[in-house]
1. Specify, per residue and in Å³, the volume enclosed by the convex hull of the alpha carbon atoms belonging to segment 44-90.
2. What Kirkwood hydrodynamic radius do you get for segment 154-244 when you take the inverse of the mean 1/r over all pairs of distinct Cα atoms, in Å?
Amino acid sequence: MNSRLHRIPSRRGEATSGITLIEILLVIAIGAIIIAGAASGIGAINRTNLRAASTTLGAAARFSFHRAVSAGKTVRIALDFNANTISLEEAHGDITIESEEDDDDDEGDDDGARDPWVNARARLEGSIGANLGRASFSVISEQTDEDGDGRVQRTPIDRFQPRPLEGVVIHRLISPHELEPREEGTGYIYFFPSGRAENAVVQFMNSDEIIYSVEIEALTGKPEIYNYEFGEEDLEERELRDPG
């Protein structure tokens with residue numbers, strides 16, 4: 001009689017001794033949410049870095065435009081692709097603007113006698129370039145006469161020194177004085193005392209290969225930020241729509 005008796009396991013004991021399918025699915029769902037949140041957070045940080053770099057360049061462009069007009073000097077933004085830095089420089093001496101295609105024709109001209117601001121208008125008709133002539137550029141500095149002997153001393157201002165970008169790299173520079181977009185070395189965007197700037201485009205890229213672009217307007221030096229790869233085709237299309 002007793003041999004026929006079988007122990008019936010407690011259902012309550014079974015429920016507490018194992019993990020149910022619902023619990024497994026719940027853990028998987030929570031893990032997926034955490035991973036998605038982390039990925040979204042990283043993506044947001046990367047885009048924040050892109051916006052920060054674009055804003056930094058935009059502020060540099062606005063300052064350079066007004067500095068060139070107020071100081072009567074040609075100012076340029078220097079973009080070092082290798083060091084991944086941005087700095088601001090200004091010219092000391094004469095500077096002219098000419099087409100790269102016309103370099104051979106102008107070898108006999110006196111660079112200092114040429115009117116750079118008239119020649120700058122040629123940017124709408126072809127590629128223009130900066131011919132330094134007797135000019136030299138250096139980081140924007142304060143000029144003082146500390147010794148009182150009449151000799152001007154230049155002290156570079158720290159905030160205009162090369163500053164590294166965080167979380168992004170300088171991807172490409174499109175400027176009217178270069179025939180091809182620049183992706184290495186050091187590139188420049190020029191701002192002139194006449195109140196003109198080069199219609200240039202700078203592209204920044206993050207580790208996810210997302211690209212933000214900053215376009216510098218020629219007549220105002222105003223920056224325009226795009227959250228995509230704004231490039232040569234966009235510039236050409238705009239000129240065809242509005243040649244003025």
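1. 56
2. Working: mean 1/r = 0.0688 Å⁻¹.
When all Cα pairs of segment 154-244 are included, the Kirkwood radius is 14.5 Å.
Every number here is computed from the coordinates shown, using simple stated rules; none is lab data. Source: prediction; values computed, not measured.
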